[in-house]
1. List pairs: first residue in segment A:365-392 and part of a loop (DSSP other than H, G, I, E, B), second residue surrounded by 17 or more Cβ atoms within 10 Å (Cβ to Cβ) and among the polar types (S, T, N, Q) anywhere in the structure, Cβ distance under 6 angstrom, at least six positions apart or on different chains.
2. For segment A:8-44, enumerate the residues that are within 14 Å of chain B (Cβ to nearest Cβ) and open to solvent by less than 20 Å² (accessible area, probe 1.4 Å).
3. Does segment B:58-88 hold any residues that are touching a residue at least 40 places away in the same chain (Cβ under 8 Å) and either open to solvent by 30 Å² or more (accessible area, probe 1.4 Å) or within 14 Å of another protein chain (Cβ to nearest Cβ) (or both), and which are they?
4. Can you name every residue in segment B:104-130 that is assigned to a strand (DSSP E or B) and within 14 Å of another protein chain (Cβ to nearest Cβ)?
5. Applying the selection to segment B:146-170, what residues are more than 7 Å from every other protein chain (Cβ to nearest Cβ) and aromatic (Phe, Trp, Tyr)?
6. Condition test on B:Leu283, is it surrounded by fewer than 20 Cβ atoms within 10 Å (Cβ to Cβ), within 11 Å of chain A (Cβ to nearest Cβ) and not basic (Lys, Arg)?
7. Take the conditions in contact with a helix residue (DSSP H, G or I) (Cβ under 8 Å, 6 or more places away or on another chain), surrounded by 15 or more Cβ atoms within 10 Å (Cβ to Cβ) and away from chain B (no Cβ under 14 Å) and apply them to A:Leu228. Does it pass?
8. May I ask you to list pairs of residues, at least six apart or on different chains, whose Cβ atoms are under 8 Å apart, with the first in segment A:224-238 being on the phi < 0 side of the Ramachandran plot and without any contact (Cβ under 8 Å) to a residue 12 or more places away in the chain and the second being surrounded by fewer than 22 Cβ atoms within 10 Å (Cβ to Cβ) and not hydrophobic (A, V, I, L, M, F, W, C)?
Amino acid sequence: MIKHLHKPAPITKKYFTPGVILISLIALNGLVFLLGRFIFGIGAVTNLNDQYPWGIWIGLDVGAGGALAAGGFTTAALGHIMHRDKYETIIRPALLTAMLGYTFVAVGVFTDIGRWYNIWHPLIMWNGNSALFEVGICVMFYLTVLYIEFLPIVTERFMGKVNLPGILSRLNKPIDRLLHTLDRGLDRTMFIFIIAGVVLSCLHQSSLGTLMVVSGPKMHPLWQTPVLPLLFLLSAIAVGFPMVIMESLTASHSFGLKPEKEVLTSLSKFVAPLLSIYLLGKISDMFIRKTFVYLYEFNTISILFGIEVIIGVIIPLRMFLSKAVRESTTGLYIASMLVIFGVLMNRFNNFVTAYNPPYALEPYVPSIGEISVTLGFVAIEILLYRLFVKIFPVISLPVEKVNFKTKYAIRRNSK
Amino acid sequence: MAQNRRDFLKTLATIGVSTGAISAVTPQVAKAGPTNILSDNRMGVLVDATVCIGCRKCEWACQGAHDKVQQDFIEYENNDVFKKARRPDTNNLTVVNKYDSELLGSETIKLQCMHCDHPACVSACIVGALSKEENGSVIWDTDKCIGCRYCMVACPFQVPALEYYKALDPKIVKCDFCFERTKEGNLPACVEICPVEALTYGKREDLLIEAKKRIKNHSEKYFNYIYGEHEVGGTAWLYLSDKELAGEVFPKLGNDPAPGVSESIQHGLFAYFVPPVALYALLGGIMWLSKDKDKSEEKL
């Protein structure tokens, strides 16, 4: 069975295109406001105040950012834990996205907290009652695990190729030896980190949901429910594969590669069942708590809820059920985008729309500065992704030779 | 194969045992959260809104006691501030608002941190910087604080404030029940200065008895309810008024402690680390089994 052989390799296409320059400008704009935040304080750049302590930096950068990086642990579970070999090609891109995504979750937290120089405090100052503590600890550990999971790709890239210039060339040999040792060690122990990555993801994805539970009646009943952690976990699992599909299609389009349609189509079969479980959870919670009464009131809140559920869940669910959609690149792209939009919307609604403080003077609307920083972070992530796939063997390219076993995680090739 | 199955199993078992051992030790550590004492002798303040004349001397005294910016003493007699409802903020840990009601006339009411018996902020704080002390006050350790503002998200009364316009060292600010003053045997600054004794400082249980006595003796004067007796599990500050305060002055809240649901979820997910360890073992099992399956497929 020699067909569709792919091997991860660095992309050779040039870095800057008009699109990339535009994205760089968005990134730059974000950095300007970010500088403003660190020089003049949170109040100068954001619309946050004593009524609305959390805005889109928590809702989108942290809440949605964490969920949209879920492709990393869902594909790791599918490819490495369940050993579905055919999905091997998508694991590395998903891992890279998760690594960058979570790095920027951490950067987002760092930007948002007032006393950023104390960000390490949760490591030694524990409060087991706090959902935020659990999110913080799990994200820190998971980020470490993601970096470890990425290390084999780094060793693969540089093993036997270490060639430092000038006086540093003396270090070539020791570094190469270090890489070899690292590679061997990681190879034996990687499964520990892979399982840990999935466990840590499940834990903090659900705890992100627990976050808002403590705000009690300040949160609109359409979203405030004790099963929030479950809904957050289910939606994160459901958005993982659509995120991978969207990225894979975007990357192949951008680099002029043939879309890995066969893999993506078979991956997309998982989406509808996962989305249905999430939708079932959400709808039954609504009926058990009888919150549908709030939908009869026609206002911003009910409209935003409607958009989240209908456009973000029900329509893409229907699309992923259709074979025609799953087998068309455009169909897959649109359906995946809708799921991503739905989860983005859900996190925004949970952290921003639903939050209704008792003495709010005026509603919170994110400031230009907040939006700029959030978009800037996304832009930087895209730029880094592009840079990484040019340096490291992440995206799989077709190869002629048969011997293709990728060297990542548990190696199953016989020696 | 880089690693045979026995090795795999062995490593997995080692992890299982060591995680088990760690989790056997950690519960005590994990529960080592912030100080959260619910003493029988905790103090409180009874606010009798029917007595309050809205002189705002409490605001002045509070600012003085906490090194905040004070206006001229005479400025506090200016009633223009009553035109809009204010909230406690970074310079005013307590504010007096005037509420006009067509039915019952106007009334001035002092607002500040309620010092809950089961504080949501103490439960929420990521680093356990907030604490409920033996004397009933809810205070915090600024050196621990990371400025995440989760306490503000959690507070059912929307009390904590942050110094948003400071780039370095922004602090969470709220009423600290004059912790430093009461420690030395002094009254809280606001209670001490109140010229009409609208504020009574004392043991919370004694204050409840006193409040009930006042309602009983002057049923024509009071609305028959002590706000704070049961709200979110009870608060140190208790309010008597001639009208219903819940809804207009204070939020309508249930009687269950505010952090109750979130804490039980949190402890359910991490009950002695059993769920995470079980999930780890389950995934390890699946990994091992499917590895086997995979190999047989490869042979085909």
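The values are calculated or read from the model by the stated rules, or taken from the named source; none is laboratory data. All of these numbers come straight from a predicted model, not from anything done at the bench. As a convention, Cβ positions derive from the backbone with ideal geometry for all residues, glycine included, and neighbour counts pool all protein chains shown. Ligands, DNA and RNA are stripped out before the accessible areas are found, and what is left, the full protein with its side chains, is counted by its heavy atoms. Shrake-Rupley method; radii C 1.70, N 1.55, O 1.52, S 1.80 Å.
1. A:Ser367/A:Thr46; A:Ser367/A:Asn47
2. Residues of segment A:8-44 within 14 Å of chain B (Cβ to nearest Cβ): A:33-44.
The answer is A:Gly36, A:Arg37, A:Gly41, A:Ile42, A:Gly43.
3. B:Trp60, B:Gly64, B:Ala65, B:His66, B:Arg87, B:Pro88 - these are the residues of segment B:58-88 that are touching a residue at least 40 places away in the same chain (Cβ under 8 Å) and either open to solvent by 30 Å² or more (accessible area, probe 1.4 Å) or within 14 Å of another protein chain (Cβ to nearest Cβ) (or both).
4. Taking segment B:104-130 first, the residues assigned to a strand (DSSP E or B) are B:105-111, B:116, B:130.
B:Ile109, B:Leu111, B:Cys116, B:Leu130 - these are the residues of segment B:104-130 that are assigned to a strand (DSSP E or B) and within 14 Å of another protein chain (Cβ to nearest Cβ).
5. Scanning segment B:146-170 gives a single hit, B:Phe157.
6. no
7. no
8. none
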